[in-house]
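Visitor: After the structure tokens below, expect a handful of questions from me.
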Amino acid sequence: MSIFLQTILTIWHRELIRYVRDRTRILTTFIQPLMFLAIFGVGLQSAFATQNSGFDFVQFMFPGIIAMNVMGVAFFSTVSTVWDREFGFLKEILVAPVPRSAIALGKTLGATSIASIQALILLALAPFLHLKIFFFQLPALLGVMLLLAFAISGLGLLISSRMRTTESFGLLMQVLVFPMFFLSGAFFPLTSVPSWMSVLAHINPLTYGVDGMRQILLRPTLDAAVLSRIELYTLSTDVLFLVGFSVGMVSLAVWAFDKKS
Amino acid sequence: MSMIEVKNLSKRFGDLEAVKGIFFEVAQGEIFGFLGPNGAGKSTSISMLATILSPTSGDAFVNGQSVLHNRNGVRASIGLVFQDPSLDDRLTAMENLRFHAQLYGVPKSEFKKRAQEVLELVDLSDRAQDLIRTFSGGMKRRLEIARGLIHYPRVLFLDEPTIGLDPQTRSHLWEYILRLKREKGMTIFMTTHYMNEAEYCDRIAIIDQGTIVALDTPAALKKRLGGDVVRMQSLNKEALVAELKRRYGTEVHVDGESVLIEVENGESFLPKLFQDLQTTIRSIELRKPTLDDVFLALTGRAIRAEEASSKDQFRQHARMRGLR
Ligand SMILES: Nc1ncnc2c1ncn2[C@@H]1O[C@H](COP(=O)(O)OP(=O)(O)OP(=O)(O)O)[C@@H](O)[C@H]1O
Ligand SMILES: [Mg+2]
């Protein structure tokens with residue numbers, strides 16, 4: 001095997017071992033989406049019960065919650081490189097005679113895998129929400145999940161290459177992660193929001209992930225007419241944006257990692 | 001052949017010039033030591049040689065490869081034990097070793113054998129499957145040393161390798177380092193601020209405030225201070241001074257109640273002195289110059305042992321907490 005592939009595999013493997021061992025982390029990342037679903041989903045459901053929107057609010061939120069979870073896990077899995085820096089392990093990695101780009105790719109792919117595994121587990125909730133899921137939907141779903149995870153991992157790694165300490169994690173949460181969560185269309189349709197919000201939402205990669213997953217997940221359950229009222233783009237536009245964003249982010253992250261030798 | 005060649009290497013951090021244009025060479029199979037107080041620039045120098053920091057100016061060659069122009073060539077030739085902890089404490093000892101071996105291209109078929117070999121060496125074979133979080137500070141240190149060796153590097157960099165180790169492990173480790181040099185012809189570059197450890201080195205560079213103030217074998221460095229010192233006490237100080245002057249024609253110093261003379265070779269001088277001496281003496285002490293004395297003579301300051309040891313304690317403490 002070439003050094004390049006071996007390096008990617010080695011780094012990827014470590015990320016997965018660390019993930020599997022960290023029970024608390026696994027548990028927290030499941031609790032958050034469930035809480036969102038239970039509190040917002042059910043709460044908003046009853047608040048809007050009078051208007052007949054033609055869809056169930058919990059069902060509406062479910063794809064968005066999964067996309068959010070993918071983003072959260074992917075982001076923090078790569079931003080955690082800052083921890084490696086703080087605890088010295090990054091030095092051990094950076095002094096190895098391997099291409100930096102392979103290290104960066106290994107990290108990104110590790111985060112992508114972890115985020116996708118979590119999302120697949122969350123999908124198992126679908127039947128409890130009376131959502132129909134068919135096997136033929138899975139490849140498309142997985143595709144969007146992987147793309148979203150890959151794009152966000154790239155973003156996380158890029159940010160981590162500029163960060164020196166973990167102290168700014170809180171700030172990152174406030175100014176980047178929460179706005180991205182809330183302006184992604186996961187909690188409310190973006191079809192009739194003010195234009196400033198619409199602009200922000202449209203540069204947010206999570207928006208495209210949410211939109212794509214929603215279309216795939218809700219199509220068998222919802223009326224086509226109802227679905228067309230809440231979708232933003234066609235699925236292919238969503239995918240195209242995510243591909244573009246991933247390529248951009250991951251290249252930048254690899255470059256930033258490479259340069260910092 | 002020179003395994004390490006350093007040419008006018010310097011490093012500046014903002015206003016601080018941590019390393020100020022140093023030159024030296026290390027031969028293949030040599031144990032070379034960097035001795036100096038805290039903040040002297042030892043770790044900064046190692047980091048530049050190991051391609052972790054890029055020099056502000058100058059160049060260095062490790063195994064013939066430039067640290068400026070062929071980083072991967074240098075990286076493939078070296079093993080490195082950092083001053084600060086660098087294990088992944090969520091992995092087991094074996095997983096840490098495997099991660100390292102894979103990045104350094106150790107063949108899969110070889111890995112098991114080598115892992116066993118290095119683990120045995122640092123006496124951790126029975127802990128191979130345990131998570132690093134459950135290790136003590138000294139055990140982590142030993143594993144880092146094992147990891148630095150598993151890919152059979154041509155040059156081994158050890159940045160204060162014995163920090164946090166108990167005396168027994170310390171001497172065990174030294175035995176092994178000397179064996180590596182003997183059997184594998186490995187070149188070893190280490191830093192320390194322990195004088196007694198510097199004695200193991202073939203040559204030592206004494207570094208202070210980013211400059212090499214002396215570079216020689218431990219014996220030659222000590223010789224620069226002149227010979228051994230014999231310190232005597234007598235009830236009749238004046239008679240003793242007079243007799244020593246008359247008999248040996250040397251300079252005699254008086255330090256409080258003590259009378260001191262300097263001789264070439266203390267061990268062979270003492271029996272002779274006992275035979276010759278007419279004046280009665282109460283006590284006698286032979287003192288051989290130490291590297292402490294050398295450092296003091298060269299820089300006008302002692303390497304402050306208490307400061308070093310409190311920093312060690314802090315580091316060891318940090319290691320033991322695992323800092324995670
Ligand atoms: N990244 C950095 N940024 C700024 N200054 C630094 C940096 N690294 C080291 N220094 C400074 O460079 C000088 C040399 O530090 P270095 O770590 O090389 O010392 P050392 O000889 O290894 O000391 P010790 O025995 O404490 O390990 C110190 O004054 C230190 O403060
Ligand atoms: Mg140091």
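Visitor: At pLDDT 85 or above, within 11 Å of chain B (Cβ to nearest Cβ) and surrounded by 17 or more Cβ atoms within 10 Å (Cβ to Cβ), is that true of A:Thr78?
Guide: no
Visitor: Could I ask something else about it? What do you reckon, is B:Thr92 more than 16 Å from ligand 1 (Cβ to nearest atom), within 14 Å of chain A (Cβ to nearest Cβ) and free of Cβ contacts under 8 Å to residues at least 12 places away in the same chain? First the steps, then the outcome.
Guide: Values: more than 16 Å from ligand 1 (Cβ to nearest atom): yes; within 14 Å of chain A (Cβ to nearest Cβ): yes; free of Cβ contacts under 8 Å to residues at least 12 places away in the same chain: no.
For B:Thr92, the condition - more than 16 Å from ligand 1 (Cβ to nearest atom), within 14 Å of chain A (Cβ to nearest Cβ) and free of Cβ contacts under 8 Å to residues at least 12 places away in the same chain - is not met.
Visitor: Would you mind finding the one in B:Asp159, B:Asp123, B:Asp166, B:Asp130 that is more than 10 Å from chain A (Cβ to nearest Cβ), closer than 24 Å to B:Leu49 by Cα and among the acidic types (Asp, Glu)?
Guide: Working: B:Asp123 fails: closer than 24 Å to B:Leu49 by Cα; B:Asp166 fails: closer than 24 Å to B:Leu49 by Cα; B:Asp130 fails: closer than 24 Å to B:Leu49 by Cα.
Just a single option satisfies the conditions, and that option is B:Asp159.
Visitor: Also: Could you look through region B:167-224, keep only residues that are closer than 21 Å to B:Pro37 by Cα and hydroxyl-bearing (Ser, Thr, Tyr), and pick out the one that is nearest to ligand 1 (Cβ to nearest atom)?
Guide: B:Thr191
Visitor: Looking only at region B:38-74, filter to residues that are charged (D, E, K, R) and away from ligand 2 (no atom under 12 Å from the Cβ); which one of those is nearest to the other protein chains (Cβ to nearest Cβ)?
Guide: Residues of region B:38-74 that are charged (D, E, K, R), as a first pass: B:42, B:59, B:71.
Now drop any that are not away from ligand 2 (no atom under 12 Å from the Cβ), which leaves B:59, B:71.
Values: B:Asp59: 16, B:Arg71: 6 Å.
Only one residue fits best here, namely B:Arg71.
Visitor: Does region A:36-49 include one or more residues that are within 14 Å of chain B (Cβ to nearest Cβ) and either over 18 Å from A:Gly185 (Cβ atoms) or not in a helix (DSSP H, G or I) (or both)?
Guide: Our first condition is that a residue be within 14 Å of chain B (Cβ to nearest Cβ); within region A:36-49, this holds for none.
Checked region A:36-49: no residue is within 14 Å of chain B (Cβ to nearest Cβ) and either over 18 Å from A:Gly185 (Cβ atoms) or not in a helix (DSSP H, G or I) (or both).
Visitor: Here are the criteria: (1) within 14 Å of chain A (Cβ to nearest Cβ); (2) surrounded by fewer than 23 Cβ atoms within 10 Å (Cβ to Cβ). Tell me which single one B:Leu16 does not satisfy.
Guide: For B:Leu16, the exception is condition (1).
Visitor: Also: What's the number of the condition B:Gly33 fails, among (1) crowded, with 23+ Cβ neighbours inside 10 Å; (2) within 11 Å of chain A (Cβ to nearest Cβ)?
Guide: Among (1) crowded, with 23+ Cβ neighbours inside 10 Å; (2) within 11 Å of chain A (Cβ to nearest Cβ), the lone unmet condition for B:Gly33 is (2).
Visitor: Filter region B:29-86 down to the residues that are assigned to a helix (DSSP H, G or I), more than 10 Å from ligand 1 (Cβ to nearest atom) and within 14 Å of B:Ser10 (Cβ to Cβ) and list them by number.
Guide: First pass over region B:29-86, keeping only residues assigned to a helix (DSSP H, G or I): B:42-49, B:71-77.
Retained after the next criterion (residues that are more than 10 Å from ligand 1 (Cβ to nearest atom)): B:49, B:71-77.
Passing the criteria: only B:Leu49.
Visitor: Among B:Asp216, B:Asp208, which is more than 30 Å from B:Thr279 (Cα to Cα), surrounded by 14 or more Cβ atoms within 10 Å (Cβ to Cβ), within 16 Å of ligand 2 (Cβ to nearest atom) and at pLDDT 85 or above?
Guide: One residue alone meets the criteria, B:Asp208.
Visitor: Also, I was wondering about something else. Has region B:181-198 got any residue that is within 30 Å of B:Ala18 (Cβ to Cβ) and surrounded by fewer than 18 Cβ atoms within 10 Å (Cβ to Cβ)? Show your work before the answer.
Guide: First pass over region B:181-198, keeping only residues within 30 Å of B:Ala18 (Cβ to Cβ): B:181, B:186-198.
Now drop any that are not surrounded by fewer than 18 Cβ atoms within 10 Å (Cβ to Cβ), which leaves B:196.
Yes, because at least one residue in region B:181-198 is within 30 Å of B:Ala18 (Cβ to Cβ) and surrounded by fewer than 18 Cβ atoms within 10 Å (Cβ to Cβ).
Visitor: Right, next: Any chance region A:63-81 includes a residue that's farther than 21 Å from A:Leu146 by Cβ and part of a helix (DSSP H, G or I)? Spell out the reasoning first.
Guide: Keep residues of region A:63-81 that are farther than 21 Å from A:Leu146 by Cβ, which gives none.
Within region A:63-81, none of the residues are farther than 21 Å from A:Leu146 by Cβ and part of a helix (DSSP H, G or I).
Visitor: Now for a different question. Taking B:Ser2, is it more than 10 Å from ligand 1 (Cβ to nearest atom), touching a Ser or Thr at 6+ places or on another chain (Cβ under 7 Å) and away from chain A (no Cβ under 14 Å)? First the steps, then the outcome.
Guide: Values: more than 10 Å from ligand 1 (Cβ to nearest atom): yes; touching a Ser or Thr at 6+ places or on another chain (Cβ under 7 Å): no; away from chain A (no Cβ under 14 Å): yes.
Answer is no for this residue.
Visitor: Out of all the residues in region A:196-221, which are under 19 Å from A:Leu123 (Cβ atoms) and among the polar types (S, T, N, Q)?
Guide: Passing the criteria: A:Gln215, A:Thr221.
Visitor: With respect to the numbered conditions (1) surrounded by fewer than 17 Cβ atoms within 10 Å (Cβ to Cβ); (2) within 28 Å of A:Ser77 (Cα to Cα); (3) at pLDDT below 90, which one is the sole condition not fulfilled by A:Ser228?
Guide: (2)
Visitor: While we're here: Any idea which of (1) within 16 Å of ligand 1 (Cβ to nearest atom); (2) out of contact with any strand residue (DSSP E or B) (no Cβ under 9 Å at 6 or more places or on another chain); (3) closer than 20 Å to B:Ile177 by Cα is the one B:Leu97 doesn't satisfy?
Guide: Result: B:Leu97 fails condition (1) only.
The values are calculated or read from the model by the stated rules, or taken from the named source; none is laboratory data. Nothing here was measured: the structure is a model prediction, and the numbers come from that model. Because the Cβ atoms are built from the backbone with ideal geometry, glycine has one as well, and the counts that use them run over all protein chains shown.
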